[in-house]
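Have a look at the structure below before the remarks.
Values quoted throughout were computed directly from the atomic coordinates according to the rules given, and no laboratory measurement underlies them. Computed from a predicted structure; not experimentally measured. For neighbour counting, all protein chains shown are included, and Cβ atoms are generated from backbone atoms with ideal geometry for every residue, glycine included.
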Amino acid sequence: MITIAIAKGRMQESALSLLARAGIRLSGDAVNSRRLALMDETGQYRFIFAKPADVPVYVEHGIADCGVVGRDVLLESQADLLLPLDLGIARCRIVVAAVDAHAMTKVQGMIRVATKYSQIASAHFGARGIPVEIIQLSGSVELAPALGLADMIVDLVETGVTLRENGLTVVEEIAESTGRLVVNRASYQLKAGEVSRLVNALQSVL
Amino acid sequence: MSSRIPAGMRYYIGDEARLRRKVEDVAMSVFQGWDYEEVITPSVDYYDLFEQGMGEREAQRGFRFTDNDGRLLALRPDVTSSVARMAATLLSDRPRPLRFCYAAPVFRQQTQSHAEWRRENTQLGCELIGINGKSADLEVLRLAAEILSRLELQSSYCITINNVEIFNGVAADLNLEPRAREELRRLIDTRQGAELQQFLRDCGAGEARAFLRPTQLTGKLEVIQAARSVITNTRSVAALDSLEALWTAIESHGLQDAFEIDLGDVSSLDYYTGLSLKIFVHGAGSSVGRGGRYDGLTGSFGRAEPAVGFVLNLDALTEVLGRRGAAGQ
């Protein structure tokens, strides 16, 4: 048996439907229950549902053998994991946004950046030698520039509607993010057969 | 007086301390059974030593402080550097081969993996210095396997082996600039199959297709056969030959079930010069040991000679065995 950690929220539904197409199904009752650990119909796979940022933690510690989680979360966590498949689900972009579309050309001295992604933001600006003050928020990041808390934000954008409604425009794209299959380094060796069955099953429906 | 203890440090009390001692005793008695002499190296040494021995990136993880004369010291982040210096200097006149073993704590600050939270780890290790080739490589692999089975971990451990010259030959043939070489290494190390394929399309590297398979799985002899069908450069072919010869020797000792060939293990290319190995045990989320051949190391202390060795992480092993014991009771 192998354990798969699935990121709850926007990833969950598309991950489960992709797995179902690969022949790995949860019963309908199970999906609708509030239990956080479930077996699939064949008993070969156990699913656990965790907050996105916790998925790399479970997998890196080997509590889950595999996980499905967005690239944004992986870039932020810097976890030491294997990344055999890009599942192409829950596609979105990690961007820098500001009120003024030309904000980057007007940077002087230093900028204040509000974000949930402090690692990604400091790596992005750090690589170009721009000093930043990172203001770590845990949600509704789009509010920060309007209220004067920050000059810019680094956030995930799917459609761009939320940005526009808060008077922000995309200044730069940092990276594209999609759902990835991640695998624990020890499980990859010790459960090689089971892991490769899962990888092959998913690959065949991508 | 604060009641806190620093991150990555811990106590062992009673049963756990006894189990830890037992694991150490088992490993040291196996080493001594193979005529490995125990060595105790200084806990504190010049930072230079570790920079030379481990490479700058790894050495920087050491805890550093200054000596009275201002020279930089470090709390040892590994034992191998010190043993290599000793072999090349203090023991340069001793007849070869030299066989040394140790059980010694090492100290490292930021760890690569969040799962490896400890900053103090005791290494159970051995070094075989002064002989080259298959028999030396096989000796340390058999030693590792013997320790793990004496710890009653039979059929729940796996030792992966590779030869770093396979990758080096392919990379040299491609004439990659350092950044592209590192990118290729990273894609193989993290098994990013699709991205690796894209990389191959962009640089037209037919031989690197050999690494597509390990991005899907590791295996036995068939991994080498698959690699041979695409790799033709002499450096990599020589490495495949020696890996195959080693595998045959492993089979002749009936150890093939415990070993896997993993051409995708390219995590320490700058350090190892031939064989590289990693040790995994059910119940531990990351490797509990690693090693390989490092023929370049003693040369940096003035006497170049072949050397091979490995370390097991005593703390990680104790944790796995402790949890098993608790589950079994």
Expected integer from the mean partner chain Cβ neighbour count at 10 Å over A:51-62 is 2
Rounded, prolate or oblate (a/c below 1.5 giving rounded, otherwise prolate when a/b exceeds b/c) for the stretch B:8-145 by Cα gyration tensor
oblate
Under the definition of Cα pairs under 8 Å and six or more residues apart, what whole-number percent is the relative contact order of the stretch B:171-329?
15
Counting other C-beta atoms within 10 Å, which of B:28, B:9 has the fewest, and how do the rest follow?
B:9, B:28
Convex hull of the protein assembly as shown built on C-alpha atoms - directionally averaged projected area, nm²
30.0
Taking a virtual spin label 7 Å from the Cα of residue A:197 along the C-beta vector, which residues in the stretch A:1-31 bring their backbone nitrogen under 16 Å of it?
A:1-4, A:20, A:22-26
Sorted peptide list for B:191-204, A:129-142, B:165-178, criterion being average Cβ within 10 angstrom, highest first:
B:165-178, B:191-204, A:129-142
Protection proxy (average C-beta count within 10 Å per residue), highest first, orders B:125-132, A:76-83, A:165-172 as B:125-132, A:76-83, A:165-172
The FRET efficiency for residue A:122 and residue B:93, from their Cβ-Cβ distance with R0 = 60 Å and rounded to 0.05, is 0.65
Using alpha-carbon positions, the gyration tensor of the stretch B:157-281 gives root eigenvalues a ≥ b ≥ c; with a/c under 1.5 called rounded, otherwise prolate if a/b exceeds b/c, else oblate, the class is prolate
If you count, for each residue, the other Cβ atoms within 10 Å and average over each peptide, how do A:65-75, A:184-194 line up from highest to lowest?
A:65-75, A:184-194
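Over the whole of A:140-151, what's the average partner chain Cβ count within 10 Å per residue? Rounded to a whole number, please.
Mean shielding by partner chains, rounded to a whole number: 0.
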Mind checking A:187-196 for the average number of partner chain beta-carbons within 10 Å of each residue's beta-carbon?
5
Fully extended, how many nm does the chain gain between residue B:238 and residue B:63 (0.36 nm per residue separation, minus their Cα-Cα distance)?
59.0 nm
Sum up the charges of everything whose Cβ sits under 9 Å from the Cβ of residue B:308, counting Lys and Arg as +1 and Asp and Glu as -1, but leave residue B:308 out.
-3
Along the Cα→Cβ direction, 7 angstrom out, place labels at residue B:197 and residue B:5. What is the inter-label distance in nm?
5.0
Between rounded, prolate and oblate, where does the stretch B:244-296 land on the alpha carbon gyration tensor, with a ≥ b ≥ c its root eigenvalues, rounded for a/c under 1.5, else prolate if a/b exceeds b/c?
oblate
Express the relative contact order of the stretch A:92-176 as a whole percentage, based on alpha carbon pairs under 8 Å and six or more residues apart in sequence.
50
